[in-house]
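First up is the structure itself, then whatever we jot down about it.
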Amino acid sequence: MVDRKENIPVAMGLLAVILFFAASSSFHVVRGSDDVDDAIFYESFDEDFDNRWIVSGKEEYNGVWKHSKSEGHDDFGLLVSEPARKYAIVKELDVPVSFKDGPVVLQFETRLQNGLECGGAYIKYLQTQESGWKPKGFDNESPYSIMFGPDRCGATNKVHFIFRHKNPKTGKHVEHHLKFPPSVPSDKLSHVYTAVLKDNDVSILIDGEEKKKGNFLSSEDFEPALIPSKTIPDPDDKKPEDWDERAKIPDPEAVKPEDWDEDAPREIIDEEAEKPEGWLDDEPEEVDDPEASKPEDWDDEEDGEWEAPKIENSKCEAAPGCGEWKRPTKSNPAYKGKWSAPYIDNPNYKGIWKPQEIPNPEYFELEKPDFEPIAAIGIEIWTMQDGILFDNVLIAKDDKVAESYRETTWKPKFNIEKEKQKAEEEAAAAIESEGIAGIQKKAFNLLYKIADIPFLSGHKQKIIEIIEKGEKQPNLTIGIIVSVVIVFVSIFFRLIFGGKKPATVEANVEKKTNTETSSKQAGGENEDNKEKEETPNPPRRRPKRDN
């Protein structure tokens, strides 16, 4: 009879998956905050992005964007549809966002539906078009104020936060990278990335949890530092020709001692050494391999005279050595090597030369960063993966607004995806557990049948004990099976061959008669052979051969 209890884990796992899909099929994502006016900009991608977002017309950006549902949801997003492509798309804001009016919160969702082995999934918050870019010409050179979001490839695995800042002294824009940014989540679930810019600080949140905080004015948080150093090495300063950087010099007054022999060798022959007793002078260290034979296709005229390969001389193993004995060498007590003068402090030492510091012409002071306004939102990436979905792009002035959007747009989807993942993992674990349990049950049933084989009757009790131990500890199943099989095979071969001396067995078979007495005698001799088989012969050294 089938034990229905054994099928419960599988059934429960499959039921969980079925219930999940039934629930998710009727699930509708709650849209953004009830008061949409709380957001400066919000893009849910509920409607097709055509005529609202502009795809770059640059030839190299040939990746196709699609308006697509997030897997398992009725919620739409902007999808990266092809792998190994460059993508670029931009959306102009109605009114540029200024950083001078208080905090700014940047937030968006991404879902790496096929993972992310190599590529970006970040957003660029662009400067005004007066800075030198056009929507149809949007590319990686288009100037931005902030770049924020996931990026992974090779050793790179981080959530970028980079801001471009104009040096008021030089007029040049410099990219400043957040040091030690958080890593990208490695799963395929929806995640929401938030950057809160408030006062002089930026906080990076992943799924509403703060992962990193930095100060824009701190050189410990951004590289390069926003505020340059006050001084720099003078590029026109040159090291004087008489500048001496040597801390130590050879003593100019030192003289080589008269008894210093530079020609004395490092090692000399040990004249006191004596040849060890038992040294085999007439035995070579290597001899021809007696088992080697000349190949049949060997041609002396083309291949030369054939020589057997060499192997170690077995006679040398027990002896202290073979061949011509030579005295060893030892260190020469008179050896001193080449003489050199000892070092003394350099009286002219001035230290390591450095150019003089001068005021840095690029140095400036400020109380807070002067960010360029955000005039557009652009996604410009290169990726080896498809299936990257962007959704719910938000710009707000209050982090409470961003939190409200997370709770109503991201969290319901994430909870559904998390439950689905959990249900799938539990179902897979249940199926795997049931499969293993079934295999174990069949294995133990087979072992019990093996124990009932007549010629194993003398070992049956021992085999039963092993099987019962395995049933109490199922993790030992494979080891138990192997043990019983070894016992089975060993006994089987002993009964068939009776040991390592088939000649004796054949002789016994020839002398065998039809009487019961003769049969017992033949069986007795087989038992003797088995005892001899259990006494191993001493190992025979296998000679080495040259290849």
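The values are calculated or read from the model by the stated rules, or taken from the named source; none is laboratory data. As the structure is a computational prediction, the values presented were derived from the model and not from experiment. Because the Cβ atoms are built from the backbone with ideal geometry, glycine has one as well, and the counts that use them run over all protein chains shown. Surface areas here come from the heavy atoms of the whole protein model, side chains and all, with no ligands, DNA or RNA. Shrake-Rupley method; radii C 1.70, N 1.55, O 1.52, S 1.80 Å.
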Cβ neighbours within 10 Å, averaged per peptide: list 404-411, 182-189 in order, most packed at the top. 404-411, 182-189
For Val95 and Glu432 in the same chain, what is the full-extension length gain: residue separation times 0.36 nm, less their Cα-Cα distance, in nm? 115.6 nm
Please work out the FRET efficiency for the pair Asp263 and Glu285, using the Cβ-Cβ distance as r and a Förster radius of 35 Å; give the result to the nearest 0.05. 0.50
Pairs of lysines 8 or more apart, or on different chains, with alpha carbons under 25 Å: count those in region 216-331, would you? 12
Sorted largest first, the Cα spans of region 121-266 on the principal axes come out in Å as 85, 43, 33
Looking at the square roots a ≥ b ≥ c of the eigenvalues of the Cα gyration tensor of region 310-385, which shape do they give, rounded for a/c under 1.5, prolate if a/b is larger than b/c, or oblate? oblate
Above-threshold pairs, the threshold being 18 Å between Cα atoms, out of Lys66/Lys86; Lys212/Lys420; Lys211/Lys422; Lys213/Lys411: Lys212/Lys420; Lys211/Lys422; Lys213/Lys411
Accessible area of region 174-317 belonging to carbon and sulfur atoms, whole % at 1.4 Å probe: 44
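Using 0.36 nm per residue, how much length does the chain from Asp187 to Lys169 gain when fully extended, once their Cα-Cα distance is taken away? Please list the in-between numbers first.
Working: separation 18, 0.36 × 18 = 6.48 nm, distance 4.53 nm.
Result: 1.9 nm gained on full extension.
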How large is the dipole of region 239-383 about the Cα centre if only Lys and Arg carry +1 and Asp and Glu carry -1, each at its Cβ, rounded to the nearest 20 debye? 1760
Under the rule rounded for a/c under 1.5, else prolate if a/b exceeds b/c, else oblate, using alpha carbon gyration tensor axes a ≥ b ≥ c, region 221-315 is classed as oblate
Quick check on packing: order 77-87, 296-306, 43-53 by the mean number of other C-beta atoms within 10 Å, highest mean leading. 77-87, 43-53, 296-306
Using label points projected 7 Å from each Cα along Cα→Cβ, tell me how many nm separate Glu209 and Tyr448, to one decimal. 4.9
Relative contact order computed over region 257-365 (Cα-Cα under 8 Å; 6+ residues apart), in percent: 42
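Could you please report the charge total around Ser81, scoring K, R as +1 and D, E as -1 over all other residues with beta-carbon less than 9 angstrom from its beta-carbon? Don't skip to the answer; put the middle values down first.
On the way: positive: Lys66, Arg85; negative: Glu82, Asp386.
Net local charge, Ser81 excluded: 0.
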